[in-house]
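Report on the following structure.
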Amino acid sequence: MTEHLVLKNGVVFDPMNDVDGEVMDICVSNGKIVEKVPGNAKVIDLKGSTVMAGGVDPHSHILGSKLNVARLTSPEVNRYHPYPATRKTRSGVAGIIPSSYATGYLYSAMGYTTVVEPALPATKALGAWEEIEDIPGLDIGMLPLFCNSMISFKYIEEGDISGLAAYIAWTLKKVGGLGVKVVNPGGTYAWAYGKNVCGLDDEVPEWDVTPRTIMTGLSDAVQKLGLPHQMHFHPTNLGKPGNVYTTMQQLDALKGTKPSGKKKETVHLTHMAFDCLGVVEEGMANWKDVASGGLTFADYYNKNKHFTTDLGQITFGQSMTMTGDGPFQHSLYLMTGGKAKWSNIPVDVELPGGAGIVPFTFEPKSSANAVQWVGSLEFALSVKDLWRLFLSTDHPNGGPFMKYPLLMSWLMSKKQRDLWLEKVHKFASERSTLAEIEREYTLNDIAITTRAAPAKILGVEKTKGHLGIGADADIAVYGFNPEKTDLAKNPDLILKYFTQTKFTFKGGQQISKKGVIAKQLPSRVISVHPELNEDLSRRIDRELEEMMSKWFSHSFSNYPVPKRYREHLEMPTVIDATSIQA
Amino acid sequence: MTEANNIFKDVPCTFCGCLCDDLIIEVDGDRIVKNTNGCPISKERFVGHTENRCLQPTVNGNTVTLEKAVERAVELIASSKRPLIYGLSSTENDAQREAYRLAELARGVVDNTTSVCHGPTILGAQESGEAAASLAEVRHRSDLVIYWGANPAAAHPRHIPHYIRQPGEYIKDPKQDRKIWLVDIRATTTARMADRFIRIEPGTDLEVLQTLRALIRGNKLDATEVGGINITELEEIAAAMKSAKYGTLFFGLGLTQSWGRHRNIDAAIRLIQDLNAHTKWGMMPMRGHYNVSGANKTSTWVTGYPYAVDFARGYPRFQPGEYTAVDMLARGEADVLLNIAADPVAHFPRAAVSHLMKIPVINIDPKINMTSQVAEVNIPAAIAGIECDGAATRMDGLPLYLRKIIEPPQGVIPDRDILRMMIKSLEKVMK
């Protein structure tokens, strides 16, 4: 069906194409943004509205076993948040861990159109594809975990980066992944022994690998394959006061990886709010002495250009922590005095994840929480280059994705920050410089950090994150006139307008209007299929069959996600990795 | 899957929660003639798949077309005030997902068999979390495996031989390096396979678990015996659990459905959590029906809740004890039952069955079962994993793709397609 559409007179923010608040018409044809459309195209007048590309969220836990364990063990977080069915939409729950349909609808209502699940245990991918069937309205990517797998360790131990790259390529193709996720390299594996790692050169039980060799091996392999998205990295020592220093050490250790293409960044450090806690001068690495690491890390970020990052902002209130970092989750449980509901999904050669889940409430009056809150804001307001940064709450860890508008309000409005500094523990003011920071994100800054930059970081910027010719017609229209609305002075309006778009278009189709879902579109899956040369391909088939048959408890042939679950959803990008020698 | 000369390899078995996926199935014409690697129950399920089949849709005992049967079923549901949809654990995920859609449309209740097996396990986890285990991990690392109130020799015949008494990467000799203990109220057939049998008094699981917790925490107890076990032996058990390198607790209905119910599970979870301060322990329910784990999972992602979900208000609500099938029936609340891939008449308590006999029942199942005998509408279905494909979830959460090996009997379609027909027709009625 050919559908033509003109969105007229909107005030457009499209930083990838250097458009900063210009009144423009956008032409849409067959789901793409085009130069012009035939005269019979449908016209929508957007005079006095703000127009941006659909939001891109590269780090949000929207599916998979850890999310279902969280839903199963904590029905109370959804109980008071029903999401009723309508004639066009399904029902569900919309608390901090919304059900699948509600997840799709809520993202659409906010103007987000691309979301990546950043922690997929590859053996459980079949379940993930089934879930995507029930998460409507999005383009979805998934990042399989490779960091605590005995198969990775075997190749890293042997210094066989070709083998490691081939294992990654094989897995991405068999399960439909978009990139490589690394979580506490070596530490989650050590958790099988009740242990963790903290230093770069710590021993990992039974294997001659270290956090350093694992992370550098994997980032080298990602570059060798030429994957569009750099290694997505959750460092060791998550959530520990003073970890900003070990995080910088780890980023330093990754400098040796040579970028393979035009993109200079070789690592994406995720949820920096959890990775960049400082300590007060002459303080100890404990919660009593914790301080914002925001400024320290911003300084490092401004000087070192080999990485990108996202905030993982905590937003206060109930959240659900879930990471592939088993030992961290156990320590969080111990911090609650063993009172919290602690769930653990074991690390396993078969399911190299080792996730933990602990419900957690971030209290404004807690000094530790207030300091963590302020650190990432201080960072975001102190960095020069916003193109290497995107906004996130590490949903649902720092809070649900539905709180992005609140995060935007903190960044866009000094008034809002001052209000919140009053509400939270005084350490937020005393142990950071936030109170003195005047900077306010402009709408262009917001467009960079919620669309353009994340699309580039994911390597999908050809079709996502902008409104130029050839882009997917994923468009968010917000119901305010940027020329007449002073958002910084009226932070409540930021919440109002960014929680519900006036219209959201996905692939040129209007899927929501004022928060009401108008049309339920099936989601699609973006994935990368690296092509290996015949020799390497034969070698990896043979070696993986041998290892998986020995180490897995199910049959090798039952590993791949069958076509029947994929072919109607998947949009694979084939990349040429045939130059990697066997 | 490899399919040569009508031999199918690596076929997942669709009987119990082990979902063993190493079966070799041989087909001759329209019959399965051989199942290699399967346990006796698996062999019976595959080789005997044509036995005792329901082949024709019926309404009040009269053979009708599929369309007529669906039409009658939809009439019953549409005119019902409080429809109940139940079962779902012996079918594949797509059928479950359609059942939620139907329940939502009919504003009814949908519950799966969890409510009569490991429901208390989920309630325990809602109280305390869940330190889970995985089958591959147990094989590679676990030096102490405890079965509690479970009888895998009878209910999960390959659990021990296929997953546990196998060498792993760090357990070279599964006889020497891994000990298997059984805790139960009587010496079941599993006791013969275990290295140690610990008999406890019926109804004392909670006390024994709490005692072990106290001992592991280093408390001295003023008791000479608990649950029929001498305190010295309990101290020795606690010490052994604490000094294991990697322990695993498998538990069955002997723990979930005996005195204490979800309190037992809560205590077991807390015991395992406590042990993780000293060493590594995980636990896993011995899920019975092959896809009851899948039913929890699909229900959880679609509705937010794992079972006992009510759509009366147009959105899902969760309340075990209220929206669980047995309770809905025993209270006389449900006024029509749609049963899919389960046999409530055979398994429910008398009070529930006696109400069930009074209300119209729609039964979708490949076989003739006790529920078929009382159902007003019977609709035959293809057997998932044999006659149609689909996905299911192993007891440790691993999803597996189920095969279609042979064609279903003439005119018989999968559960999901029957439910889709019902949804389509109900959508018209509800407009």
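The values are calculated or read from the model by the stated rules, or taken from the named source; none is laboratory data. These numbers were taken from a predicted model, which means no experiment stands behind them. Heads up, the Cβs are rebuilt from the backbone with ideal geometry, glycines too, and the neighbour counts pull from every protein chain shown.
Details
- Of the residues examined, residue B:335 is one that is closer than 30 Å to residue A:87 by Cα, surrounded by fewer than 21 Cβ atoms within 10 Å (Cβ to Cβ) and in contact (Cβ under 8 Å) with a residue 40 or more places away in the chain.
- Test for residue A:224: is it surrounded by fewer than 21 Cβ atoms within 10 Å (Cβ to Cβ) and either over 19 Å from the mean Cα position of the chain (by Cα) or of a type outside the set (Lys, Arg) (or both): no
- Residue A:269 satisfies every condition listed in (1) in contact with a Pro (Cβ under 9 Å, 6 or more places away or on another chain); (2) buried (at least 20 other Cβ atoms within 10 Å of the Cβ); (3) over 23 Å from residue A:378 (Cβ atoms) except (3).
- Residue count for the range A:529-582, restricted to those that are in contact (Cβ under 8 Å) with a residue 12 or more places away in the chain, in a helix (DSSP H, G or I) and under 17 Å from residue B:391 (Cβ atoms): 1.
To keep it simple, each residue is scored yes or no on (1) outside any strand (DSSP E or B); (2) surrounded by 24 or more Cβ atoms within 10 Å (Cβ to Cβ).
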| residue | (1), (2) |
| --- | --- |
| A:21 | no, no |
| A:27 | no, no |
| A:56 | no, yes |
| A:89 | yes, no |
| A:95 | yes, yes |
| A:114 | no, yes |
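- A single entry from A:367, A:331, A:343 fulfils the requirement of being surrounded by fewer than 19 Cβ atoms within 10 Å (Cβ to Cβ), of a type in the set (S, T, N, Q) and within 14 Å of another protein chain (Cβ to nearest Cβ): A:331.
- Pairs are defined by a Cβ separation below 7 Å, a sequence spacing of at least 6 or placement on different chains, a first member in the range B:58-77 that is closer than 16 Å to residue B:420 by Cα, and a second member that is at pLDDT below 95; the pairs so defined are B:74/B:429.
- Just one of (1) surrounded by 24 or more Cβ atoms within 10 Å (Cβ to Cβ); (2) over 16 Å from residue A:177 (Cβ atoms); (3) at the interface with chain B (Cβ under 9 Å from one of its Cβ atoms) fails for residue A:63. It is (2).
- Applying the criterion of being outside any loop (DSSP other than H, G, I, E, B) and under 13 Å from residue A:153 (Cα atoms) to the residues of the range A:189-209, the residue that is farthest from the other protein chains (Cβ to nearest Cβ) is A:204.
- The test for being modelled with pLDDT under 95 and in contact with a strand residue (DSSP E or B) (Cβ under 7 Å, 6 or more places away or on another chain) holds for residue B:131.
- For the residues B:328, B:370, the requirement of being surrounded by fewer than 21 Cβ atoms within 10 Å (Cβ to Cβ) and on the phi < 0 side of the Ramachandran plot singles out B:370.
- The residue list B:247, B:288, B:252, B:332 contains one member that is more than 13 Å from every other protein chain (Cβ to nearest Cβ) and over 20 Å from the mean Cα position of the chain (by Cα), which is B:332.
- Flag if residue B:58 is among the β-branched types (Val, Ile, Thr) and under 22 Å from residue B:118 (Cβ atoms): no
- So residue A:125, is it of a type in the set (A, V, I, L, M) and closer than 29 Å to residue A:517 by Cβ: yes
- For the criterion of being surrounded by 21 or more Cβ atoms within 10 Å (Cβ to Cβ) and free of Cβ contacts under 8 Å to residues at least 24 places away in the same chain, residue B:323 fails.
- Criterion violated by residue A:37 - all others in (1) surrounded by fewer than 24 Cβ atoms within 10 Å (Cβ to Cβ); (2) part of a strand (DSSP E or B) satisfied: (2)
- Residue B:172 being out of contact with any strand residue (DSSP E or B) (no Cβ under 7 Å at 6 or more places or on another chain) and modelled with pLDDT of 95 or more: yes
- The range B:94-127, subset surrounded by fewer than 24 Cβ atoms within 10 Å (Cβ to Cβ) and polar (S, T, N, Q), residue farthest from the other protein chains (Cβ to nearest Cβ): B:115
- Considering only residues in the range B:301-326 that are in a loop (DSSP other than H, G, I, E, B) and hydroxyl-bearing (Ser, Thr, Tyr), the one that is farthest from the other protein chains (Cβ to nearest Cβ) turns out to be B:324.
- The selection criterion, being modelled with pLDDT of 95 or more and touching a helix residue (DSSP H, G or I) at 6+ places or on another chain (Cβ under 7 Å), holds for residue B:264.
- Conditions (1) closer than 30 Å to residue A:126 by Cα; (2) of a type in the set (Gly, Ala, Ser); (3) surrounded by 24 or more Cβ atoms within 10 Å (Cβ to Cβ); number of the one not met by residue B:314: (3)
- Scanning the range A:536-571 for residues being touching a helix residue (DSSP H, G or I) at 6+ places or on another chain (Cβ under 8 Å) and more than 14 Å from chain B (Cβ to nearest Cβ) gives a total of 8.
- Matching residues in the range B:266-285 - criterion: being within 18 Å of residue B:218 (Cβ to Cβ) and facing another protein chain (nearest Cβ under 10 Å): B:270, B:272, B:273, B:274, B:275, B:276, B:277, B:278, B:279, B:281
- Of the residues making up the range B:89-121, those that are of a type in the set (D, E, K, R) and more than 24 Å from residue B:382 (Cα to Cα) are B:104, B:107.
- Those helices (runs of 4 or more DSSP H) of the range B:52-163 in which 3 or more residues are of a type outside the set (Phe, Trp, Tyr) and in the same structural domain as residue B:266 (by TED's automatic domain parsing) occupy B:119-128, B:135-141, B:152-155.
- The range B:224-242 residues that are in the same structural domain as residue B:184 (by TED's automatic domain parsing), paired with ones that are among the charged types (D, E, K, R) and not in a helix (DSSP H, G or I) (beta carbon under 7 Å, 6 or more apart): B:227/B:201; B:228/B:199; B:228/B:201; B:231/B:225
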